[in-house]
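Readers should treat all values here as calculations from the given coordinates under stated rules, not as data from a laboratory. Because the structure is predicted, anything quoted here is derived from the model rather than measured. Please note: Cβ atoms are built from the backbone with ideal geometry, for glycine as well, and neighbour counts cover all protein chains shown.
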Amino acid sequence: MFLTDCMIVFEMYCPNKRSGNMRYLIAFMTFLLAAGVTQAQTVQAVTEVKGTRVNLDARATAEVDNDVMRASLFVEMEDTDTTRLADKVNRATNDSLKLARGFTGVRARTSAYTTYPVIDKEKIARWRSRSEISVEGEDFRRMAEAIGKLQAIMQLASVDFSVSSAARAKAEETLIQTAIAEFLRKAEQVAKGFKGTGFNVLEATVSADSGFIPPRPMMMKSMAAAEAVATPDLQGGTSRVTIIVNGSILIPP
């Protein structure tokens, strides 16, 4: 196709004897010829790739100890006066945050705060406010102690556990090598099954997939209870960390 285009250009410009046009013509023809050679080489390379292409996947999984604990606690109150209601909820929230931060290694923050009317007979009868805090830490013993103390002020909504970024990265480093080795092992078996003498890896992707552990519901203690709250026995358990290798191989004929 490129050579035909060159001949058309030549016939159009040859009658013009000016040297400038001839220089442009020669340069243009040289470009087209070079492009034609490149295209021919590319087509030849694609044509020469012969064999059986197979898509594979492999994975490596490990159970990793959860080393981070998170707890969600809340206080919910009602009052006909919004100012008085806000004051009571704010005091309970501030006292809880101060108490939680008194435990070494425990991080606390406000996670939600809502106020909305309670409707009775199509009228606003009173107002309800809910404040939530989140506490987090790696020392489960101190976290359990903090939660036990906080339950005298707030109610415990949920506790969940997870793997820290550092622990996950360390586990993934080992799993990546294991998953790649498994991919290559499968590729070798597939190549043998197709009576091939070997294989070439055409492409591959490596991704991580972590098991999700839903929050664990806990028994909520009433705000009215003033007696001491026993320290809860909380076990972190494990999370599943998985590395997946997807790719394709070419088995020569």
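Taking other Cβ within 10 Å of each residue's Cβ, how do VAL241, VAL54, VAL135 sort, fewest first?
Numbers: VAL241 22, VAL54 19, VAL135 25.
Lowest to highest Cβ neighbour count: VAL54, VAL241, VAL135.
Using Cβ contacts closer than 10 Å as the measure, can you line up THR242, THR80 from fewest to most? Write out the running numbers ahead of the final one.
Details: THR242 17, THR80 11.
Final ranking by Cβ density, sparse to dense: THR80, THR242.
Report the local net charge at ALA108: Lys and Arg +1, Asp and Glu -1, summed over other residues whose C-beta lies under 13 Å from its C-beta.
Numbers: positive: ARG70, LYS98, ARG101, ARG107, ARG109, ARG142, LYS149; negative: ASP95, GLU132, GLU136.
Combined, the nearby Lys, Arg, Asp and Glu give +4.
Taking neighbour Cβ counts within 10 Å as the exposure measure, how do SER207, SER96, SER248, SER162 sort from fewest upward? Intermediate results must be reported in sequence, preceding the final value.
Working: SER207 11, SER96 25, SER248 14, SER162 19.
Ascending number of Cβ neighbours within 10 Å: SER207, SER248, SER162, SER96.
Less than 14 Å Cβ to Cβ from LEU56, Lys/Arg counted +1 and Asp/Glu -1: what total charge do the surrounding residues give? Display every interim value, and only then the final one.
Details: positive: ARG53, ARG59, ARG185, LYS186, LYS192; negative: ASP57, GLU182, GLU188, GLU203.
Net of charged neighbours comes to +1.
Find out how many positive minus negative residues lie around ALA166, taking Lys and Arg as positive, Asp and Glu as negative, among other residues whose Cβ is under 13 Å from that of ALA166. Could you put the intermediate results ahead of the total?
Values: positive: ARG168, LYS170; negative: ASP65, ASP67, GLU138, GLU172, GLU173.
Here the count lands on -3.
Please work out whether region 53-179 counts as rounded, prolate or oblate from its C-alpha gyration tensor, where a ≥ b ≥ c are the square roots of the eigenvalues and a/c under 1.5 means rounded, while otherwise a/b larger than b/c means prolate and anything else oblate? Before the final figure, lay out each step's value.
On the way: a/c = 4.47, a/b = 2.03, b/c = 2.21.
Verdict is oblate for region 53-179.
Could you work out the percent of alpha carbon pairs in region 157-207 separated by over 16 Å, rounded to a whole number?
Values: 746 of 1275 pairs.
Percentage above 16 Å: 59.
Quote the FRET efficiency, to the nearest 0.05, computed for THR52 versus SER207 with a Förster distance R0 of 35 Å and r equal to the Cβ-Cβ distance. Please report the intermediate quantities before stating the final value.
Details: r = 25 Å, r/R0 = 0.72.
Calculated value: 0.90.
Give me the number: length gained by fully extending ASP233 to ARG141, i.e. 0.36 nm times residue separation minus the C-alpha to C-alpha distance, one decimal in nm.
Values: separation 92, 0.36 × 92 = 33.12 nm, distance 0.88 nm.
32.2 nm is the gain from fully extending ASP233 to ARG141.
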